[in-house]
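The values are calculated or read from the model by the stated rules, or taken from the named source; none is laboratory data. What you see is a predicted model; the values in this text were computed from it and never measured. No Cβ is skipped: glycine too gets one built from the backbone with ideal geometry, and neighbour counts run over all protein chains shown. These accessible areas exclude ligands, DNA and RNA; they are computed on the full protein's heavy atoms, side chains included. Shrake-Rupley method; radii C 1.70, N 1.55, O 1.52, S 1.80 Å.
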Amino acid sequence: MSSTVLSVEGLTLTVGGKALVEDVSFHLAAGEMMGLVGESGCGKSLTALATIRLLPSPPVEIAAGRIVIDGADVRALDSEGLRRLRGDRVGMIFQEPMTSLNPVFTVGDQIAEVLEIHRGLGRSAALARAAELIALVGLPAPREQLERYPHQLSGGQRQRVMIAIALACEPRVLIADEPTTALDVTVQAQILALIDRLRRDMGMACLLITHDLGVVSDVCDRAAVMYAGRIVEEASVAELFARPRHRYTQALIDTMPASNPPGALLPSIRGMVPPPGARGDGCAFAPRCAAPVEACRKVLPPLTGEAGHRAACWNPAS
Amino acid sequence: MTPLLEVQGLTKHYAGPHGRTLRALQDVSFTLAEGEVLGVVGESGCGKSTLGRAVLRLTEPTSGSIRFAGEELTGLSRHAMTKRRRDMQMVFQDPFGSLNPRHRVSTIVGEPLVVHGVAGVKARVAELLDMVGLPPDSGSRFPHEFSGGQRQRIAIARALALSPKLLVADEPVSALDVSIQSQIINLIAELRRKLSLSMIFISHDLSVIRHVSDRIAVMYLGRIVETGDAADIFARPAHPYTQALLSAVPTAPGQPKRERIVLEGDLPDPSAPPPGCAFHGRCRHAMPRCAVDIPALVPRRVGDDVALAACHLYEPVS
Ligand SMILES: Nc1ncnc2c1ncn2[C@@H]1O[C@H](COP(=O)(O)OP(=O)(O)OP(=O)(O)O)[C@@H](O)[C@H]1O
Ligand SMILES: Nc1ncnc2c1ncn2[C@@H]1O[C@H](COP(=O)(O)OP(=O)(O)OP(=O)(O)O)[C@@H](O)[C@H]1O
Ligand code: SF4
Ligand SMILES: [Mg+2]
Ligand SMILES: [Mg+2]
């Protein structure tokens with residue numbers, strides 16, 4: 001059994017008593033790349049932020065759940081413990097690299113700062129290591145890059161710098177929230193190949209958040225599908241796409257243009273994702289589902305199945 | 001038969017940084033037949049939106065010719081152009097930004113009718129709302145009361161108000177969730193059939209482009225580098241850039257992963273374009289001549305086939 005580095009059990013997040021994320025559990029092993037997929041607003045980012053307690057709190061509260069990273073109980077950490085967790089053991093990359101880089105400091109300053117704080121390196125050692133990291137993420141002329149400001153970089157280059165910062169302390173876990181959504185396909189391919197290579201080389205666990213099933217199918221080992229605040233299915237990628245069980249997973253795959261002959265009418269999912277507070281008592285997907293049964297609207301389906309493949313559906317597709 | 005739209009040598013220059021000229025569009029030529037959909041793809045900044053806007057003269061082209069239904073548009077007065085635009089409409093990516101938040105939906109959809117002095121506005125608006133699948137009472141509501149997909153329906157209804165012959169759709173589904181995306185793609189396909197619309201469909205998403213287009217134009221740094229039948233290009237891309245672009249698309253779930261051509265580097269600066277083939281710095285087949293001569297977009301011999309590609313790897317057909 002490979003070692004679990006990140007484990008989330010029964011996580012529930014609320015705003016003013018209204019649940020945004022409900023009873024979410026997943027585990028990430030060393031060296032593993034897991035995808036967290038779902039449509040806008042289903043709770044992917046909140047779940048990721050909660051694992052390192054970066055939630056906007058208030059208003060968002062952790063109402064229940066246990067989060068363990070590399071043996072540490074995250075909910076029990078004090079501010080010093082959290083600071084160390086975020087820099088040392090968990091690296092994070094976000095969708096919009098411009099907003100997470102400081103526009104008034106050079107790339108070199110920003111990477112070196114992390115190393116000075118978390119690794120206690122002196123200035124010149126930190127800059128030397130920063131140049132190595134810049135090279136690691138595939139930017140040319142590392143020494144020159146250190147002198148540049150974020151606005152002088154392209155979107156793909158900024159995302160590489162963010163990855164360099166996230167990797168500075170060789171974290172055990174990398175959380176990447178839509179790291180390529182704002183980028184072009186050719187640059188997306190570069191960044192995904194980079195993350196994949198680094199997690200293999202460094203044995204890092206990686207949680208990749210995306211709304212793109214194609215990306216998940218390409219680079220992840222395992223994936224969890226979220227819908228309206230809950231994980232509705234979880235399996236190895238091969239299994240998930242070959243034999244989707246939850247009707248929502250199945251519908252998502254079927255609706256993609258790439259799953260259909262060109263020009264054909266696309267199978268579509270009627271209606272919209274329900275907002276928090278209007279998810280009903282049963283399966284939140286029931287009003288949109290193509291094959292609901294009696295229980296669907298009334299009783300919440302439990303996440304069941306074998307260890308490698310679990311789904312929460314009263315009328316599984318396979 | 002004369003094509004509906006015939007664009008020759010269309011060029012758009014902007015004032016670039018440091019007094020340089022930014023060549024957003026460079027010598028672009030193509031035709032569009034009645035009822036045909038031309039998909040335009042390429043990376044961010046390659047000139048797709050500029051092309052769409054220049055064709056409607058929403059952006060004034062620097063040079064080139066645009067013939068629409070046999071009539072040259074470039075010399076037309078502003079007044080004559082406004083009249084012509086009845087037949088040419090545009091839909092944008094951000095359905096919210098393009099809808100006036102203070103106006104009711106009926107006002108928004110009916111506006112083009114009022115501007116062009118068309119009678120029977122009320123009945124036509126009701127018909128349009130029904131055509132794009134919005135509930136009849138939508139007209140009395142405001143844009144913010146609608147979801148992203150519904151807002152895009154409103155924008156499409158407005159664009160179709162005057163029964164245009166040509167629709168330029170600039171990333172019409174890019175901001176939408178997957179389950180909503182397929183609804184809008186279906187709607188566009190249905191309207192196209194019903195109204196025999198010709199379309200320029202701009203998207204950076206190749207699976208969407210493949211799905212909706214009859215023909216495709218691939219752009220790189222302001223130029224069309226390859227164009228042809230959609231099925232042919234997807235089956236046998238000739239230009240090395242087209243090949244890289246197609247290989248970078250995440251595979252459809254459940255389909256075998258393809259070999260990735262990961263491009264080095266970023267899109268060059270359009271205000272300082274490289275000499276010769278603009279792609280030569282990233283091309284794995286580049287030859288000495290590529291850094292000197294600009295390859296023309298002419299029919300070239302590719303194996304046993306002929307393709308319209310701007311690449312020195314293939315000899316022009318004499
Ligand atoms: N500070 C907040 N206060 C109230 N509701 C919030 C807050 N932050 C997020 N939410 C809500 O929680 C839900 C989940 O949000 P989250 O950002 O996790 O979604 P997501 O899956 O990451 O979506 P996207 O794909 O759009 O990034 C959404 O309905 C959102 O509106
Ligand atoms: N009004 C303007 N003034 C100066 N430069 C402009 C203007 N509009 C566009 N450009 C430049 O022209 C080039 C082409 O831009 P355009 O918006 O057509 O690209 P695009 O292919 O639509 O990109 P995206 O996929 O990001 O929408 C870019 O370099 C852009 O910065
Ligand atoms: S012209 Fe040369 S550099 Fe340009 S795509 Fe063809 S081979 Fe590559
Ligand atoms: Mg998010
Ligand atoms: Mg654009």
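Between residue B:115 and residue A:73, the modelled labels are 6.4 nm apart [label points 7 Å from Cα along Cα→Cβ]. Any lysines with Cα under 20 Å of the residue B:194 Cα? List them, leaving off those in the same chain fewer than 8 positions away. Within reach: B:165. Report the residues of region B:125-146 in range of a label on residue A:270: point 7 Å along Cα→C-beta, backbone N strictly under 16 Å from it. Zone members listed by number: B:133-136. Positive contributions from Lys and Arg (+1) and negative ones from Asp and Glu (-1), summed over other residues with Cβ under 10 Å from the Cβ of residue B:61, come out at +2. Spin-label model, residue B:147/residue A:148: points 7 Å from Cα along the beta carbon direction are separated by 4.1 nm. Computed over neighbours whose Cβ is under 14 Å from that of residue B:118, the net charge equals +3, Lys and Arg +1, Asp and Glu -1. Treating only the Cα positions of chain A as identical point scatterers, give the base-10 log of I(q)/I(0) from the Debye formula at each q in 0.08, 0.14, 0.16 Å⁻¹. Taking Cα atoms of chain A as identical point scatterers yields -0.38, -1.10, -1.36. For region B:29-95 versus region B:119-183, the inter-centroid distance based on Cα atoms is 21 Å.
Surface analysis of the protein assembly as shown yields an accessible area of 42 Å² per residue, using protein heavy atoms and a 1.4 Å probe.
Computed from Cα positions, the angle between helix A:107-119 and the longest principal axis of chain A comes to roughly 80 degrees.
Working note: Cα atoms of region A:247-318, range along each principal axis, descending, whole Å: 39, 31, 22. Separation of region A:38-115 and region A:248-318, taken as the distance between their Cα centroids, equals 30 angstrom. What the Cα convex hull of region B:240-311 gives, in volume per residue, is 122 Å³.
Applying 1/(1 + (r/R0)^6) with R0 = 22 Å to the Cβ-Cβ distance of residue B:2 and residue B:193 gives a FRET efficiency near 0.45. Residue A:109 sits among other residues whose Cβ lies under 12 Å from its own Cβ, and their net charge, with Lys and Arg +1 and Asp and Glu -1, is -1. Counting only alpha carbon atoms, the long axis of helix A:185-202 and the longest principal axis of chain A meet at about 80°.
Distances longer than 16 Å among the Cα atoms of region B:197-318: what percent of all pairs is that? In whole percent, the share of Cα-Cα pairs in region B:197-318 beyond 16 Å is 64. Here the accessible area is traced with a 1.4 Å probe on the protein chains. For the protein assembly as shown, carbon and sulfur cover 52 percent of it. Comparing the full protein assembly with the isolated chain, the residues of region B:135-163 losing at least 20 square angstrom of accessible surface (1.4 Å probe) are B:147. Looking at chain B, the DSSP beta bridges with both ends there are about 65 percent antiparallel. The trypsin sites (Lys or Arg not before Pro) found in region B:87-168 that occupy coil by DSSP, while having at most 13 further C-beta atoms within 10 Å, are B:102. Whats the longest run of chain B with zero GluC sites (Glu not before Pro) that are DSSP loop and have at most 15 other Cβ atoms within 10 Å? Answer from the scan: B:35-258. Measuring max minus min along each principal axis, the C-alpha atoms of region A:120-225 give extents of 44, 28, 17 Å (largest first). Extension gain, residue B:137-residue B:298: 0.36 nm per intervening residue step, less the Cα-Cα distance, totals 52.7 nm.
Binning the C-alpha pair distances of region B:1-59 at 10 Å intervals from 0 yields a P(r) profile of 20, 50, 23, 6, 1 %, listed from the shortest bin outward.
Fully extending the segment from residue A:221 to residue A:293, taken as 0.36 nm per residue of separation minus the present Cα-Cα distance, adds 22.7 nm. If you model region B:5-309 as an ellipsoid using its alpha carbon gyration tensor, with each semi-axis the square root of five times an eigenvalue, the axes come out at 35, 23, 17 Å, biggest first. The residue A:119 and residue B:87 beta-carbon pair, evaluated with R₀ = 60 Å, returns a calculated FRET efficiency of approximately 0.40. Binning all Cα-Cα separations of region B:108-257 at 5 Å, short to long from zero, yields these whole-percent fractions: 2, 8, 16, 18, 17, 13, 10, 7, 5, 3, 1, 0.
Subtracting the Cα-Cα distance of residue B:305 and residue B:260 from 0.36 nm times their residue separation leaves 13.8 nm of extension gain.
Relative contact order of region B:5-309, taken over Cα pairs closer than 8 Å and 6 or more residues apart, is 21 percent. For region A:171-273, trypsin sites (Lys or Arg not before Pro) meeting the loop criterion (DSSP other than H, G, I, E, B) and having at most 14 other Cβ atoms within 10 Å: A:270.
Is any residue of region B:241-279 close enough, with backbone N under 17 Å, to a label point placed 7 angstrom from the Cα of residue B:11 along the Cα-Cβ axis, and if so, which? Zone members listed by number: B:270-278. Averaged over the residues of peptide B:254-266, the number of Cβ atoms from other protein chains lying within 10 Å of each residue's Cβ is 5. Computed from the C-alpha gyration tensor, the three semi-axes of the ellipsoid equivalent to the protein assembly as shown are 42, 33, 23 Å, from longest to shortest. Sorting B:86, B:57 on solvent-accessible area from highest to lowest, probe radius 1.4 Å, gives B:86, B:57.
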